[in-house]
Amino acid sequence: MSLFPKRGPFSRFSSDWTKNAREKQMRAKKTLQPQSDGSALSVSCPSPTAEDSERDSQRLRGQFLARQENWTTLSKEIAQADAQRTVTTAGMPVADLLCFGARADVVAAAEHALASGAPANDAPILDGIEALELTLLDDPSDMFRAVTVAEAHMDIGWAWRGTGWLDEVPRCSLRAFEAHFDRARDILMPFQKTAPTSPICLSAWCGLNGASLAPDARVSRDYEQLIDLNPANPGPMRALGNYLSPRWYGSHEELELQARRTAARTHNDWGAGAYTWVMFDALPGDSVACANLDIEFFIDGLHDILTRRADQHTANLLAAFCAHTIGQYKTGIPRADDNRAQIADCAHWIVRKHLKEVHPLVWAHAAVGFDNSTRVASTRRFAAQGRKNALQVIAALFQREIEDGRRIVFTANGPVAEQN
């Protein structure tokens, strides 16, 4: 998922990935037998999905090279993927995945130490990041090594801060958050002039806004530059929408303006889709944003996204967002709830026209609003709940056919209603 992408509200990487990636890679790449809800539904649930396998492969590659301290090769591979704008099937930048894998051990150790709150004063929470910093001394001119270390600082900073409102964050945690972001800024500073040519480096610069009360115009300008550098990547559009939410550093007026401007600039790539991507993570939990939404523009964007990106990860993402993230909640504000209902209705045509298989983890994340700060004790149970949610939604969408005694079978060409 989103996706795109930093820790906090901007993360599209599961925080428990390092604990489970090797287990997933050890399993044969296979599709499970069709899963059914009683006798009414038959739909395959790939485990892992093709997109999961692609992402895990690149993350593990980055992790392996970092563990071998082969930073020269790692930097070359990140640079090549960054320059060529290499992405997975669902559009996740490979450079980001390699970079994430390279810092995963350090970040996971810090997150583990912080899992129960602020650690004891003698806890070795800085050991990993200090060791990672030493790699900068070997080649101070290596921009991609610097980005990896700076991103690790920002990830740890978000682990300290969490995603709550500012007045909910303990002062000691906020100081640690700010200190890690200050260090990340210092690391990236020597590459300020070259950053505009590199999506991964410019993305890191944009991420620094997370620790500043920057005016929304500054946030918009930074992300406009990043989006224009690589318009095919929706991650920065989703991050822009998050940053421009009043919960963070923006306003509803600036959010709407930038969603429209982004759609106009990227029309050749996304049609109306960029409006939808910018609004995607700003809508959950914000009744005013829902009420102000240009619903026809948003729905046109859903159509355009699926026309341009027909992979099953994206189909599951949008179906789960419409049916679950948006469709399961009411605000009590008539205009907002009317727009939510219209978005929820889009799940009908998305599932019927575009869905061929269920991706349980996508549906599980949709149920928590795609908040990757959510602690997942068991990926298997989390996925099982996602599968249950998906089947319940799909059964409801095909209620008429099921009541008529037909069985819904998802094929390579989509769902088919068969007579029992």
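For Ala211, are the conditions met, namely being of a type in the set (A, V, I, L, M), at pLDDT below 95 and in contact with a Phe, Trp or Tyr (Cβ under 8 Å, 6 or more places away or on another chain)?
yes
Results for (1) open to solvent by less than 60 Å² (accessible area, probe 1.4 Å); (2) in contact with a Phe, Trp or Tyr (Cβ under 7 Å, 6 or more places away or on another chain); (3) among the acidic types (Asp, Glu); (4) part of a strand (DSSP E or B), shown as yes or no for each residue.
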| site | (1), (2), (3), (4) |
| --- | --- |
| Trp363 | yes, no, no, no |
| Arg381 | no, no, no, no |
| Gln392 | no, no, no, no |
| Ala395 | yes, no, no, no |
| Val409 | yes, no, no, yes |
| Pro415 | yes, no, no, yes |
| Glu418 | no, no, yes, yes |
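Looking for something open to solvent by 30 Å² or more (accessible area, probe 1.4 Å), at positive phi and modelled with pLDDT under 95 - is there at least one such residue anywhere in region 299-316?
No, every residue in region 299-316 fails to be open to solvent by 30 Å² or more (accessible area, probe 1.4 Å), at positive phi and modelled with pLDDT under 95.
Please find, among Ala291, Ala274, the residue that is among the small types (Gly, Ala, Ser) and either open to solvent by 10 Å² or more (accessible area, probe 1.4 Å) or at pLDDT below 95 (or both).
Ala291
Which members of region 317-360 meet the condition of being outside any helix (DSSP H, G or I), among the charged types (D, E, K, R) and surrounded by fewer than 20 Cβ atoms within 10 Å (Cβ to Cβ)? Walk me through how you get there before you give the answer.
As a first pass, look at region 317-360 and keep what is outside any helix (DSSP H, G or I): 327-333, 355-359.
Of the ones still in play, those that are also among the charged types (D, E, K, R) are 330, 356-357.
Residues satisfying the conditions are Lys330, Lys356.
For region 163-195, which residues satisfy the criterion of being in contact with a helix residue (DSSP H, G or I) (Cβ under 7 Å, 6 or more places away or on another chain) and loosely packed, with under 14 Cβ neighbours inside 10 Å?
Thr194
Just give me the residues in region 303-350 being among the small types (Gly, Ala, Ser) and under 24 Å from Glu51 (Cα atoms), in sequence order. Break it down into steps so the answer makes sense when it comes.
From region 303-350, those among the small types (Gly, Ala, Ser) are 310, 315, 319-320, 323, 327, 332, 336, 341, 344, 347; that's our starting set.
Selection gives Ala310, Ala315, Ala319, Ala320, Ala323, Ala347.
Only one of Arg221, Arg265 is among the charged types (D, E, K, R) and out of contact with any Asp or Glu (no Cβ under 9 Å at 6 or more places or on another chain); which?
The unique qualifying residue is Arg221.
Kindly list the number of the only condition in (1) outside any helix (DSSP H, G or I); (2) modelled with pLDDT of 85 or more that fails for Gly117.
Unmet condition: (2).
Take Ala239 and decide whether it is in a helix (DSSP H, G or I), open to solvent by 30 Å² or more (accessible area, probe 1.4 Å) and of a type in the set (Gly, Ala, Ser).
For Ala239, the condition - in a helix (DSSP H, G or I), open to solvent by 30 Å² or more (accessible area, probe 1.4 Å) and of a type in the set (Gly, Ala, Ser) - is not met.
Considering only region 266-285, state which residues are closer than 20 Å to Ala341 by Cα and polar (S, T, N, Q).
Matches in region 266-285: Thr276 only.
The values are calculated or read from the model by the stated rules, or taken from the named source; none is laboratory data. Note that the structure is predicted; figures quoted are calculated from it, not measured. Don't worry about glycine lacking a Cβ; one is built from the backbone with ideal geometry, like all the others, and counts go over all protein chains shown. Surface accessibility is based on the protein's heavy atoms, side chains included, excluding ligands, DNA and RNA. Shrake-Rupley method; radii C 1.70, N 1.55, O 1.52, S 1.80 Å.
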